[in-house]
Amino acid sequence: MAAASRGPGGAAARPGDRGLRVVGTPVRKVDGLSKCAGVTKFADDIVLPRMLFCKLLRAPVPHARIVRVDTSKASKMPGVFAVLTGRDLPIPFGILPVSQDEHALCPDRVRFVGDPVAAVAAVDEDAAFDAMNAIAVEYEPLEPILSIEKAIATPSPRIHDYGDEGNIHKRVALEFGDVDRAFRESDEIFEDVLFYEGNTHLAMEQHAAVAAVDPDGKVTVWSSTQTPHYVHRALAKVLEMSPAHVRVIACPNGGGFGGKSDPFNHEIVVARLSQMTGRPVKITLTREEVFYCHRGRHPVLMSIRTGVNRNGRIRAMDFKSYLDGGGYGSYGVASTYYTGALQTVTYQVETYRFQGARVFTNKPPCGPKRGHGTPQPRFALEVQMDKIAERLRIDPADLRLRHLVPPDSLTTNFMRVGSMGLGKCIEAVVAGSGWKEKFGRLPHGKGVGLACSSYICGAGLPIYWNNMPHTGVQLKLDRGGGVAAFCGEIDIGQGSDTVLAQVVAEVLGIDPYDIRIVFGDTDLTPVDLGSYSSRVTLMMGNAAIQAAERARELLAKAAAEKLGVPVEQVGFGGRRVFDVSDPGRGMAFAEAVVLAEAKFGTLGTVGSYTPPPSAARYKGAGVGPSPAYSYSAAVVELDVDPCTGWIRVERVHLAHDVGRSINPVLVVGQIEGSVYMGLGEALMEEQVFRANRNGVHKNPSLLEYKSPTTMEMPDVVSYIIEDPDPNGPFGAKEVGQGPLLPIPPAVVNAVHDAIGVRIDEVPVTPEKILRALDSPAKRFGPKGVPSLRWPEPIRVAPPGDGGAGRPVEAAPADRGTRR
Amino acid sequence: MARNVKSRRRPAGRKTSIRARPLPPLPVREKAHLRLRVNGETLEVACAPHKTLLEVVREDLGLTGTKHGCELGECGTCTVLIEGRPQLSCLVLALECEDRPIVTVEGLAEGARPHPLQTAFAELGAAQCGYCTPGILCAASALLDGNPAPTRQQIREALSGNLCRCTGYIKIFEAVELAARRLKDPGAQPDEETLYGRRV
């Protein structure tokens, strides 16, 4: 087949899809054996000669002015090479351009227990620890703000000097269509208030970073980061260095889940300490410190009001979210928009209003955790759907099937949906679980619950405004037949190295293990924005196809000449390049490389990927658009002991529309891991603080922060649904995050089926179940939402009303779609 | 007491003046001399007596395959085998381990041939990020040594002290089962549902 048959990303046009050899097979991960042999080098495994060790002194108070930092005693202690305070690193940073509100070390104010104030570099960890404890800090306490309600009610003292108002960091309001009229025309209106508790990533690897300075002043930082490119930018900014003199090498992450997506204090601190001492400096956070880095799931209070007509059709939805952001901005503005962006992508909603507010509180900053801003609204909507189905006497699965978003369509808020496999997902879990025989028919104490979701495959817009590609892949062909693939992606366990190898191997007809992956190195690899937002398979995959097809074209030209056939007649497969009309006639792949190198010179190609432009052109539409959307449906089977409130999940059925699975065993692994993490959030995980103990973390250890062990994990039945998307590489969509989303609501819905109580709050603990059983309404959950002055919504006419994706009032030139 | 080593110089780093500055006084660290039997080798170590086996294995022996998740005995990540039994190396002093055979993840393979557990874990994606994997492999190898055909429940119990955040444990269970089957039948293959999910 001809290499030039399609442009970048045009995977659907690929002829001979059924002839895929590597894509779609469960090949062993290319880094699998290294990880099992214990030879993979994580950041803390790096040891350099003359390396010093760093410790950070963190604030013991939640909110205070720093009056004085006395480092004189610490700096004279044995083994201490350098001591740093906030004054030494005055330039702020942050992941989003709109919230550059962090400092490597707090210069004048601390905003949560655990905020770093000073740093020490010493000859070993013990010396660093002793010196850290010898630093004296005088604080002038400020009133701590530890809840959403208090943040709204307490405009002063302000935790930050910027933000929409008082301690409200961000307020947004969007309206699509005439929501109020649609409510008036609805037959039934449902109103619920729900709360989703915050929780944290809890990656098994604690964050670690090593910095080393060259004799010529260049700085290299190795770090357990999901986003080396953003760390690179932050380091250059804060260190006031040319980015050309800063190199960031991302080490394979020992789990990320979003928790290593921000540039962090410690990465900047070790770089500066290395500059000061001329020696390599390492830091490895303790587990307790990892809880303070956080950037995890925002606690979100939500109200959802939905108007339906008699057959259950959603006429209007009014969704409000209140996010507890913690002490800094992090990804919070994006998180806020994400709580409102995807309701309409999962189900058809005729008219939709979204109001979201994120507040600052004196707790570790919240940010992106697996599903970023989506599990909370998903929980609210899916639990309410269950209530709607109950009242209208419609089977919950059937109700959802009535709301499927058509493929190749624009949603009410102008998200462009390509392939849409939710119907098949629902059918798979309904049939596989025996839903029709079980729902409403199991004995008291046993129940089944169903929920659905959709998720983005990468953000359509970059975090900082630019017109460059979101990812790039570079290939270097070796005369021996090996191929090196360079990409800034970083494998956090999801298997992105393997996806890259499989895609390149597929196009070039070689074995994935013939490919050497060079990843996550800002000096060596083309930029990839990072392993977040479920973007890597789709974006890197498309860039890899482009790079590999360009290499293939060179090889095909050289081989065609030798074989005396037209270029279109050259095939690739089995490490051979051959005449497709007579596959016996051909040569080894390596021989084709030699011929091509002789003909064209040194062989190397590049590919890149930029998402298609979004149809949404209103302010706030920077969040939500994606090249494609994945879909999932889940059925949870569980039993509840009405005497103790104890829940035992027996089995979870999860069907996920992945477009096309590049590697099915890794897809199943992502489904199982997502189900696991969703169950943890649904049943036990909570990042919570003691308001009456000055805002200290309640459970900053792996023992006290409960997460499911082998003993709690139920069976998971995974169903891979393949509805190839035109924008995906070979049709592939994401699977890393989407399958988590339906789990918490499916658990809650199953609890209702089992014992008839509604728990409008996760995690669903035995205590909440017992309290619901004892309550007249048979419900446990929040009572209401605080009053807030919302801004006038940006009004956009939905596509069905002839809207063009722009605000109704705005001038045509307005392009306020940046984040 | 601390000694002040004035003869050594700081390296000339960025913006550092040419004038030699003394190194800070270095802390005096008492050291214990130990003989450890790790992965079949006898190794001599001089280390601070309060160091844990985890620290000595990683920092003094350079065997960084053993990982840590909490250093408080809560997560199982640092599991190694001491006298054939899985132990949390973060809770054991190296001093207590003299002359007791220790196996870390680096010692599971026989020469260049990986342990059947290592192959099965790699094949099934039971190692996603791979960070909890060395500890789980050690715990699972002890299980198989004592019970070559464990039930799913026995595997759950044997690994209940090891946290994993990536896999949901299922691929881990399946990999232990596959490795156990291969002890009897080296050609045993994974179930189709393990690799592809349940067919719709």
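Any read-out appearing in this document is the output of simple, stated calculations on the displayed coordinates, not a laboratory observation. All values derive from a computational prediction rather than experimental measurement. Glycine gets a Cβ as well: all are built from the backbone with ideal geometry, and neighbour counts include every protein chain shown.
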Given labels modelled 7 Å from the Cα in the Cβ direction, how far is it in nm from residue A:310 to residue B:113?
-> 7.5 nm
For the range B:143-170 and the range A:483-551, compute the distance between their C-alpha centroids and round to whole Å.
-> 33 Å
The range B:116-187: C-alpha gyration tensor shape, a/c 1.5 cut-off, then a/b vs b/c | oblate
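Report the full-extension gain for the segment residue A:518 to residue A:140: residue separation times 0.36 nm, less the Cα-Cα distance, to one decimal in nm. Don't skip to the answer; put the middle values down first.
On the way: separation 378, 0.36 × 378 = 136.08 nm, distance 4.92 nm.
131.2 nm is the gain from fully extending residue A:518 to residue A:140.
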Considering chain B as a Gaussian network with a 10 Å cut-off on Cα pairs, which listed residue, B:85, B:35, B:165, attains the greatest mean-square fluctuation?
-> B:165
Please sort by residue number the GluC sites (Glu not before Pro) in the range B:61-92 whose DSSP state is loop and whose Cβ has at most 16 other Cβ atoms within 10 Å.
-> B:83
Between residue B:145 and residue A:696, what is the FRET efficiency for a Förster distance of 51 Å, r being their Cβ-Cβ separation, to the nearest 0.05?
-> 0.70
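Provide A:204, A:684 in ascending order of the number of other Cβ atoms located within 10 Å of each residue's Cβ, fewest first.
Ascending number of Cβ neighbours within 10 Å: A:684, A:204.
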Partner shielding of A:652-658, taken as the mean number of other chain Cβ atoms within 10 Å, equals 1
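What is the sum of charges around residue A:508, taking Lys and Arg as +1, Asp and Glu as -1, for the other residues whose C-beta is under 14 Å from the C-beta of residue A:508? Could the numbers behind the result be given before it?
Working: positive: A:21, A:476, A:516, A:550, A:552, A:575, A:576; negative: A:478, A:506, A:511, A:514, A:549, A:553, A:591.
My count for the surroundings of residue A:508 gives 0.
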What is the Cα convex hull volume of the range B:32-107 when expressed per residue in Å³?
-> 72 Å³
Under the definition of Cα pairs under 8 Å and six or more residues apart, what whole-number percent is the relative contact order of the range B:32-107?
-> 38 percent
Within chain A, what's the longest run with no chymotrypsin sites (Phe, Trp or Tyr not before Pro) in a DSSP loop and at most 15 other beta-carbon atoms within 10 Å? Give the range, please.
-> A:163-463
Using a Förster distance of 35 Å, the FRET efficiency for residue A:436-residue A:476 (Cβ separation, nearest 0.05) | 0.05
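Just want the ordering: A:169, B:50, from fewest to most Cβ atoms lying within 10 Å of their own Cβ. Walk me through the numbers on the way to the answer.
Values: A:169 27, B:50 13.
Going from sparsest to densest Cβ surroundings: B:50, A:169.
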By count of other Cβ within 10 Å, fewest leading, how are A:267, A:149, B:106 ordered?
-> A:149, B:106, A:267
Kindly provide the trypsin sites (Lys or Arg not before Pro) of the range A:268-353 that DSSP labels as loop, not H, G, I, E or B, and whose Cβ sees at most 13 other Cβ atoms within 10 Å.
-> A:310
Heads up, chain A by the C-alpha gyration tensor (a ≥ b ≥ c square roots of eigenvalues; a/c under 1.5 rounded, else a/b over b/c prolate, else oblate) looks oblate
Can you pull the mean other chain C-beta count within 10 Å for peptide A:285-291?
-> 2
Can you give the net charge of the other residues whose Cβ lies under 13 Å from the Cβ of residue A:243, counting K and R as +1 and D and E as -1?
-> +2
Loop GluC sites (Glu not before Pro), the range A:358-444 (other Cβ atoms within 10 Å of the site Cβ: 10 or fewer; DSSP) = none
Expressed as a whole number, the average count of other chain Cβ atoms within 10 Å around the Cβ atoms of A:40-48 is 3
Relative contact order of chain A (C-alpha contacts under 8 Å, at least 6 apart) in percent is 17 percent
Subtracting the Cα-Cα distance of residue A:484 and residue A:187 from 0.36 nm times their residue separation yields 100.8 nm
Distance in nm between label sites at residue A:777 and residue A:650, each 7 Å beyond Cα in the beta-carbon direction?
-> 3.1 nm
Note: probe point = Cα of residue B:91 + 7 Å toward Cβ; backbone nitrogen < 17 Å; residues of the range B:53-78 passing the test are B:53-55, B:67-78
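Among the complete DSSP H segments of chain A, which ones combine at least 30 Å of alpha-carbon extent along their axis with a mean Kyte-Doolittle hydropathy of 0.0 or more?
A:536-563
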